Structure formats: C-alpha cells, structure tokens
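What follows is a short report on a single structure.
None of the figures in this text is laboratory data; all of them are computed from the coordinates on show. Since this is a predicted model, take the numbers as computed values, not measurements. In this analysis, Cβ positions are derived from the backbone assuming ideal geometry, glycine residues included, and neighbour counts consider all displayed protein chains.
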Amino acid sequence: MQLNRSVTAVITGGASGLGEATARELAAAGVRIAIFDRDKERGEKVAAEIDGIYCEVDVTDEKSVIDGFAKARAALGQERILVNCAGTGIAIKTASRKKDSSEITPHPTEHFDRIIQINLVGTFRCLAKSAAGMLSLEPVTEDGERGVIINTGSVAAEDGQIGQAAYSASKGGIVGMTLPIARDLSRDGVRCMTILPGLFNTPLLAAAPDEVKQKLGAQVPFPARLGHPYEYAKLARHICENSMLNGEVIRLDGAIRMAPR
C-alpha cells in the first residue's frame, strides 16, 4: 500500500510509547492519523503535533470504541490502517506464599481477566470494527488491497517469565488469532500481522532506574540495549507498504529469549 494523504490510520495507545512512535512515523509518510487513547492531555498534544485528531477511547468499552471510530471517520474518512498498541501488564504468580507467612494465595481471577480484556479482547474489539469498515472501501492496489491491521503482541507470548501468566496468555491469544483473521479477510484484500516486541524503552519501563534499564538491555544478544520505539514504528510502516506480509508474527527483539525471571 502506498502511504500518502489519501490514507487514514487509527493507532490505539497512540499517545505514548510504541503507538506514539508509530503515529509519528506514519504521519511523516503523509498518512492522516487518529489517536485512540485514554490519556486526553497527552493524546491531544501528540495529535496536534502531527496534524491528526485525538479520540478518547477505552478499548475495554464497546461504546467508547464505537464512538472513537465514528469520530475518526467523520473527521478523516474510513481508515485503511489500524495499529493496535493499547495494552498493559502485571506480574502475579499463579499461586504464591506470602513473605514471612504460611498463607498461600491464588492469582486473583479479576486481575487475570482485566489483562485479557485490555490486551486481547480490546485488540479484537478494535480490529473487528476496523475490518468491517475497511471492507466498505474500494481497493487501492492492482492486487485488490483495501487495508492492513497490525497487532502488538510481546515476546512473552512465546517465552513468558515468572508472574506473566495473564500477560503471556493475552499476548499469546493475539498470536493465535493472527492467521485466522488474515484468512477471514483475505478475499476482501485486508491483511493482518502481529509484531512481538522484546525489551523496549516504553512507558512500562519508564519508572525503572537507568541502571535497571542498562541491565535489561545487556541481556539482548545484539544490539545489547533496549529497543527504541521508532524501531517498532519503522517495522509497522514497512508492513503497511509491503503487501506480501500477511498472516505472520514477527519477533522484534535483538534475538533475546527471555529467562524464567
């Protein structure tokens, strides 16, 4: 797909981290951008800087997502690109003993469900609605391409660490649905891809001291550092531009394989 001002993209989680970097990268290519995020102040700031629009959206809320797409499409037209970056994580063991106590507690189901609702169900909620809109468009290539969906998983989908049962399950679900979704939409010219970032310098690590970030980065075989959000953004852009990339999951991790802890 050729990127220019006739193309609109929706970026969930676009106010910061990987989503912000992707919004800026696609905007630099001429794409019109709608940012979906809960952070109104930051979202409006980024949108203003890239001549896009901000939509206050909670991906766990059906009405919020519907209203977000309605606002984005009224302002910029039907999107041909959706990049799902909204997500979060927790670290809780499946069952654990309290320190200095004989009490044993199971992983609270409500915390597990919250992560699934945000990362997995939220991703699907947005992509299903976006795909339905894309199917209404005319193709833009001789192959019949109408649009592309890019989801954000994590290397934890394949080598989750201690305490990451909920997070790994949510990201593993994204991996598992990538190919079926690509097959569902293939006859209508809509592609679906997933990127699995490794250790990236995003807001999830923002509170960590520099020493901790350096130690984490040193675990990466090469380059031995944390990934930069713009490196994710450049891959997302390439996926948009390369129509043969479809139904695949790409690790973006410097060859790291996560240890148990």
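A few remarks follow.
- In this structure, Arg114 and Lys234 have a Cβ-Cβ separation that, at R0 = 35 Å, corresponds to a calculated FRET efficiency of about 0.65.
- Between Asp67 and Leu204, the contour length at 0.36 nm per residue exceeds the alpha carbon distance by 46.6 nm.
- Calculated SAXS-style log₁₀ I(q)/I(0) at q = 0.08, 0.10, 0.11 Å⁻¹ - the chain, Debye, Cα scatterers: -0.31, -0.49, -0.58
- Theoretical gain in end-to-end length, Ala128 to Glu41 [0.36 nm per residue, Cα-Cα removed]: 28.6 nm
- Using only the C-alpha atoms, the convex hull of the stretch 67-109 corresponds to 119 Å³ per residue.
- Ratio of Rg to Rh over the stretch 1-105 (Cα coordinates, Kirkwood Rh, two decimals): 1.21
- The radius of gyration of the Cα set in the stretch 51-173, together with its Dmax, comes out at 18.6, 67 angstrom.
- Neighbours of Arg237, meaning other residues whose beta-carbon lies under 13 angstrom from its beta-carbon, give a summed charge of -1 when Lys and Arg score +1 and Asp and Glu score -1.
- Under 5 Å, built H, 5+ apart or other chain: amide partners of Gly227: Leu199, Phe200, Asn201
- Counting only DSSP beta bridges whose two residues both lie in the chain, roughly 10 percent are antiparallel.
- Structure-based [θ]222 nm, the chain - -39500 (n - 2.57) summed over DSSP H runs of at least 4, per residue, nearest 500: -12000 deg cm²/dmol
- One equal scatterer on each Cα of the stretch 41-99, no solvent, Debye formula: the resulting log10 I(q)/I(0) at q = 0.24 Å⁻¹ is -1.17.
- Put in order of Cβ neighbour count within 10 Å, fewest first, the listed residues Thr22, Thr123 become Thr123, Thr22.
- Counting every alpha-carbon pair across the stretch 1-59, the share separated by more than 20 Å comes to 14%.
- Stretchable slack from Phe222 to Ala255, in nm (0.36 nm times residue separation minus alpha-carbon distance): 11.2 nm
- Each residue, Lys213 and Asp143, gets one label point 7 Å from its Cα in the Cβ direction; the gap between the two is 3.7 nm.
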